[in-house]
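Contents: one structure, followed by commentary.
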Amino acid sequence: MNHRQLGNSELSVAPLAFGGNVFGWTADEKTSFSLLDHFVEHGFNLIDTADVYSKWVPGHTGGESETIIGKWLSQGGGRRNNIVLATKVGMAMSETDKGLSAARIVAAVDASLRRLKTDFIDLYQAHTDDADTPLLESLGAFDQLIKAGKVRVIGASNYSAPRLLQALEVSKQHQLARYETLQPLYNLVERPAFEDQLAEVCTSNRIGVIPFYSLASGFLSGKYRSQKDLAKSPRGQGVGKYLDARGLRILDALDEIAAKLGASAACVALAWLMRQPAVTAPIASATSIAQLDELMRAAELEIDDESDDLLRKASANQPAPG
């Protein structure tokens, strides 16, 4: 399996990341442990989570995903050495505990390290842009974490192209660690937000790209094809916006290619993302071994030019001809 570098860093990752948002939410602790073991046993190594996962669940306060990963890591067996551990800071844990001030970053990383039961985080990411805090303050704090050995590499998530460029310039001017990765929204139904500007910024600056919602909250798996299907899972209501002529056209194209390759629609959708020059490793989640096997297969699936063209035309924003 070919590995790819995360930006200009020394971190090397397999072409698929496991999204830890499900740990402690739709995957309980036992299931999460099995999924993590299976993922690593098959040669994959990038596990992405965030301090805020899964605060949205009633009765949760955030930190549930990191806590489960920490318990898994504490079982030993070389687990920590076999993974690239990524987490994030910046989203609101409470009304006052949010943002990217230096004080927040310093406190949050220590809390994440405690939950994760590790001495360092491989990739620490700004979960969202914080317009109220100067970039110099945030980047200065991240730089200090790297010098202290708590973090190896930093990245950004949910940044616009202008703000990402500005952050890179601040790092260069002040000789601070720079964002080596970007975690953007990017998939077959959500293309323009990344492709219009961010793709060029990332490519020209050698920024590693690890897209989230790679399967559009499950829509690209093909299990949501009518309003009735939206009740199938907790994520169903979030994909209703894709149930239009364009969305169904994309599913038809995925079905056609999946049938030709003997794969699932989700596998094809991920393989298409992996084929894009700017993408390092798309993030996807699974709640069963069968689902995970299906997603991991994407790393070996070859999307030819004809199939790529079909998917591009089907997912174009303008209506398809005819």
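Any read-out appearing in this document is the output of simple, stated calculations on the displayed coordinates, not a laboratory observation. What you are looking at is a predicted structure, and each value in this text was computed from that prediction instead of being measured. Virtual Cβ from ideal backbone geometry, glycine too; neighbours counted across all protein chains shown.
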The chain: relative contact order as a whole-number percent, Cα under 8 Å and 6+ apart: 17
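Based solely on its DSSP helices, what 222 nm [θ] is calculated for the chain when runs of n ≥ 4 H residues each add -39,500 (n - 2.57) and the sum is averaged over all residues, nearest 500 deg cm²/dmol? Walk me through the numbers on the way to the answer.
Numbers: 11 runs with 122 residues, N = 322.
Per the formula, -11500 deg cm²/dmol.
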GNM flexibility winner over the chain from Asp28, Asp304, Asp255 (Cα, springs under 10 Å): Asp304
Ranked Met1, Met91, Met296, criterion: other C-beta atoms within 10 Å, fewest first: Met1, Met91, Met296
Cα-based helix-to-principal-axis angle, 265-275 vs the chain, degrees rounded to 10: 60
Contour excess over end-to-end distance, with Cα ends at Ala131 and Gln197 and 0.36 nm allotted per residue: 21.8 nm
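Based on Cβ point charges of +1 for Lys and Arg and -1 for Asp and Glu, what charge dipole magnitude is obtained for the chain about its Cα centre, in debye rounded to the nearest 20?
Using Cβ point charges on Lys, Arg, Asp and Glu, the chain gives about 480 debye.
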Relative contact order for the stretch 4-183, counting Cα pairs under 8 Å that sit 6 or more residues apart, in percent: 18
The chain: angle of helix 305-314 to the longest principal axis, Cα-based, in degrees nearest 10: 90
When the chain is reduced to its Cα atoms, the Kirkwood hydrodynamic radius in Å: 20.0
Mean projected area in nm² (Cα convex hull; one quarter of hull surface) for the stretch 4-183: 10.0
Unit charges on C-beta of K, R, D, E only; dipole of the stretch 4-183, Debye: 280
0 to 90° range, to nearest 10: angle between helix 161-174 axis and the chain longest Cα axis: 30
Spacing of the two label points (7 Å from each Cα toward its C-beta) at Lys228 and Lys30, in nm: 3.4
Loop-located chymotrypsin sites (Phe, Trp or Tyr not before Pro) in the stretch 1-91, at most 13 other Cβ atoms within 10 Å (DSSP): Trp56
Of Lys228/Lys260; Lys55/Lys147; Lys71/Lys150, pairs whose Cα-Cα distance is over 21 Å: Lys228/Lys260; Lys55/Lys147
